[in-house]
Amino acid sequence: MCLALLVILLHCSSLKAREVFTINKVEIRADPSLQVPNGDALTILCIADISKSGNFMIEHHFTFFKDGRILSDITSLQNRTEYKIPAARFADTGEYVCMVKAKEKKKKSEVMLVKVTGLPKPKLTALKNMVTEGEELVLKCEVPEEAPPLTFTFQKLLTPGGPVTRTKKELEKNFTTIEIPVEPGDKILRFQCIASVYSAHGMQESAPSDVELVTVVEPFSTPALVIEPSLNVTEGDNVKLVCRVVVRNYDIEIIIQKDKVILNSTRGQNTLTYFTKVSMQDNGNYTCKVELGSVSKEKTVNMVVTELFSKPELIHSAKMIDEGDWLQLQCKVKGLLPVTKISIKTRYLGKDNLLNDSSSFITKAHVNNTATYICTAEINGIIKESDPVKINVYAPVSIPQLWIVPSVRDVILGRAIRFQCQSMYGTPPITYKFFRGNKTVNSSQIFNKLPAEFRDKPTEVGVEQYSCEASNHHSHIRKRSRELNITVIAPVGKVNLISVPKREVEDGKGISFRCYVETGSLPINFKLLKQNNRKPISEDTKMDTEVIWYKETWSKQDSGEYFCEASNPTNIVQRSDVISINVILASWQKVLIALFVLVIIVILGCGGCCWYLWKKRKAKHPSIEMSGSAGVTNSAGVKLEPRQNSDGQYYPGYMDDSENHMKATDENKDSGENRYSSTDSW
């Protein structure tokens, strides 16, 4: 029993010494809620759930994060703490996380999204409460409680087209300023501004600021424009235009203009006058404009001018006249008063030349009378001119000439031919027509003395007839050139070469070559050539599409590759495919060679037989000699021949016996006896 109690006590003291704990969970909360109105208090709570092995104290380190950045570090013995925001702003919107660390252990809470809704009302300030037209008004809008980035929208209220807005973004400041020009006619300006902010968690917009009032002062009044004697006048009347303005000691500029043309101007005065004698061109709107810097005010009136007499009219017999016909011009004027002066003139490059000081002009037309004509009339100092009339006098065209460029006798089928046609005389513009036979190919109008150019591509071989025709605005003349005959030739087509016999010919015999073309104009030049040899073997010009060459005797050196070339007056050369000719031996040459070879074989056979018999006979002779001379020596030990004695002298009868023995052996051989009988006798 005592032993058990001792074990329990030792175990308890061991647990106390270790102080075991674990962090189960870290919880984060928002008070009063996850969505808070802008300006309200916000509290972020962090609670740690920790299990311990005993009743011991642990020091907790709390770290608050917002969008990944550290907000606060708090150390406490308690298992909970809080982070307080007295007045929440939109900048406090974000994702919050709490981390608890105890000794070497730590744990994070879940992510909590807190949203702050709304923005404080911005403050709008005008740096000046009274401005002059044309000035730049500076406005400042700010939201002191919020952090950038912010977007500010300025509004100009009570404008005819509705509020005028301007937007400006600020990335580093919680305020911004803009400059707004004060327009002419503004009296009291009203402004307000709105702030907005954008983030990954949404957008918030403030309520409009209080309205800011600004008073506008005029530097000068709107001008008054008066036309004297009245707004309705008659041509020739003297008219005065007077522009007046009320100004407050400013260096203003006054301008009187008609449409965009400035008639008169002054600076530093409050009145401007313009005098003129009016004509119909003075009818229209007149404007008095007063300017000071960027401020401009104007007044426009319309002056109506009554016509004293109408614009003169130049009557003509015709605008296009044949040379030699009558040119008649007459100037007519409609008006209440008699015409003081009337004239008919020509105009060239803006310069007028007087023809006649009367209302009519008549002459026989010449090409030099081609010109622009006008007439002028004057009544009571007012001069008017008619609309210009262009009169053209036409000389007839001459017979045109047609030629080829460059000049050639024959043309190639399918190739374009360049023609030129020209009339040396006649008033431009001249119209040229180009014909192939009686068919119109093309036409061209030339406005100078240069020839007209045409192109045509023949489609058939033979003779083509071409011509051209020239005409202008002369009413009667139309002339045609002589016919130009053109010979159209076709280049040679595919060239073919054949031989008889084909490929092989016996030495000493002849061969025929046939070269022909499928198409082409005559005459045709044919050439027979050997490969790698520039000089033709044969050449002929034929009024035919083929040629035949024959060579009687061929030798071995004539073997090779041959081809044919063909051309005609088009100078386009076509070449046939290459054919190979091999010269072989003649029949008699083959027989002779065979006989020669046969003779050689016979000779070699006979020679072989003789050599064999000789070889065989030589093989028999050594055995006979050895059997007849074995052991026969003289006293000196020298071997003796069969007919010698010991002293080296020949015996008279020994040779005969030997010869008789050899003869007997040959006879036995010839009679078919046993060929070894003589050897056995040895």
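Considering the conditions (1) surrounded by fewer than 18 Cβ atoms within 10 Å (Cβ to Cβ); (2) among the hydrophobic types (A, V, I, L, M, F, W, C); (3) under 21 Å from R29 (Cβ atoms), A88 is excluded by exactly one of them, (1). Please determine whether any residue of segment 96-118 is among the aromatic types (F, W, Y) and farther than 25 Å from V26 by Cβ. Checking segment 96-118: not a single residue is among the aromatic types (F, W, Y) and farther than 25 Å from V26 by Cβ.
Could you please find all residues in segment 555-591 being modelled with pLDDT under 75 and not charged (D, E, K, R)? Within segment 555-591, S555, V583, I584, L585, A586, S587, W588, Q589, V591 meet the criteria. For segment 376-394, filtering for residues that are under 20 Å from M320 (Cβ atoms) and surrounded by 19 or more Cβ atoms within 10 Å (Cβ to Cβ) leaves 4.
Return the residues of segment 421-443 that are under 41 Å from the mean Cα position of the chain (by Cα) and open to solvent by 30 Å² or more (accessible area, probe 1.4 Å); say none if nothing qualifies. Selection gives T431, K433, T440, V441, N442, S443.
Please identify the pairs in which a residue from segment 357-370 that is over 25 Å from A395 (Cβ atoms) has its Cβ atom under 6 Å from the Cβ atom of a residue that is assigned to a strand (DSSP E or B) and β-branched (V, I, T), counting only partners at least 6 apart or on another chain. Correct list of pairs: S359/I342.
Count of segment 539-569 residues, restricted to those that are surrounded by 12 or more Cβ atoms within 10 Å (Cβ to Cβ) and touching a residue at least 24 places away in the same chain (Cβ under 8 Å), is 19.
Scanning segment 187-217 for residues that are surrounded by fewer than 18 Cβ atoms within 10 Å (Cβ to Cβ), charged (D, E, K, R) and either under 17 Å from K156 (Cβ atoms) or not assigned by the TED database to the domain that holds V143 (or both) yields K187, R190, D210.
Kindly provide the set of residues from segment 440-473 that are in a strand (DSSP E or B), farther than 19 Å from V397 by Cβ and either of a type in the set (D, E, K, R) or in contact (Cβ under 8 Å) with a residue 40 or more places away in the chain (or both), ordered by number. Before you say what the answer is, go through the steps one by one.
Of the residues in segment 440-473, the ones in a strand (DSSP E or B) are 440-446, 452-456, 462-471.
Filter once more, so that each one left must be farther than 19 Å from V397 by Cβ: 441, 455-456, 462-465.
Across segment 440-473, the qualifying residues are R455, D456, E464.
Number of residues in segment 414-434 that are outside any loop (DSSP other than H, G, I, E, B) and either over 17 Å from K457 (Cβ atoms) or free of Cβ contacts under 8 Å to residues at least 40 places away in the same chain (or both) equals 9. For segment 474-487, filtered to residues that are in a loop (DSSP other than H, G, I, E, B) and not hydroxyl-bearing (S, T, Y), the residue that is most open to solvent (accessible area, probe 1.4 Å) is R482. From the list V397, V411, the lone residue that is in a loop (DSSP other than H, G, I, E, B), open to solvent by less than 60 Å² (accessible area, probe 1.4 Å) and among the aliphatic types (A, V, I, L, M) is V397. Scanning segment 221-249 for residues that are open to solvent by less than 20 Å² (accessible area, probe 1.4 Å) and part of a strand (DSSP E or B), we see that the one that is farthest from S296 (Cα to Cα) is V233.
Taken over segment 447-483, the criterion of being within 38 Å of the chain's Cα centre (by Cα) and aromatic (F, W, Y) is satisfied by F447, F454.
Looking across E133, E145, E170, one residue alone is within 30 Å of E95 (Cα to Cα), surrounded by 14 or more Cβ atoms within 10 Å (Cβ to Cβ) and more than 48 Å from the chain's Cα centre (by Cα). It is E145. Every test in (1) out of contact with any His (no Cβ under 7 Å at 6 or more places or on another chain); (2) assigned to a strand (DSSP E or B) is passed by G54 save one, and that test is (2).
When residues in segment 318-349 are screened for being assigned to a loop (DSSP other than H, G, I, E, B), free of Cβ contacts under 8 Å to residues at least 60 places away in the same chain and open to solvent by 70 Å² or more (accessible area, probe 1.4 Å), 7 of them pass. Residues in segment 278-295 that are part of a strand (DSSP E or B) and open to solvent by 50 Å² or more (accessible area, probe 1.4 Å): N285, E291.
Which ones in segment 360-375 are hydrophobic (A, V, I, L, M, F, W, C) and either assigned to a loop (DSSP other than H, G, I, E, B) or open to solvent by 50 Å² or more (accessible area, probe 1.4 Å) (or both)?
From segment 360-375, those hydrophobic (A, V, I, L, M, F, W, C) are 361-362, 365, 367, 371, 374-375; that's our starting set.
Of everything in segment 360-375, those that are hydrophobic (A, V, I, L, M, F, W, C) and either assigned to a loop (DSSP other than H, G, I, E, B) or open to solvent by 50 Å² or more (accessible area, probe 1.4 Å) (or both) turn out to be I362, A365.
One residue stands out among those in segment 250-277 that are outside any strand (DSSP E or B), more than 60 Å from the chain's Cα centre (by Cα) and not polar (S, T, N, Q): the one that is farthest from A377 (Cα to Cα), which is Y250.
The values are calculated or read from the model by the stated rules, or taken from the named source; none is laboratory data. Given the structure is predicted, the values throughout are model-derived calculations rather than measurements. For neighbour counting, all protein chains shown are included, and Cβ atoms are generated from backbone atoms with ideal geometry for every residue, glycine included. For accessibility, only protein heavy atoms count, side chains too; no ligands or nucleic acids. Shrake-Rupley method; radii C 1.70, N 1.55, O 1.52, S 1.80 Å.
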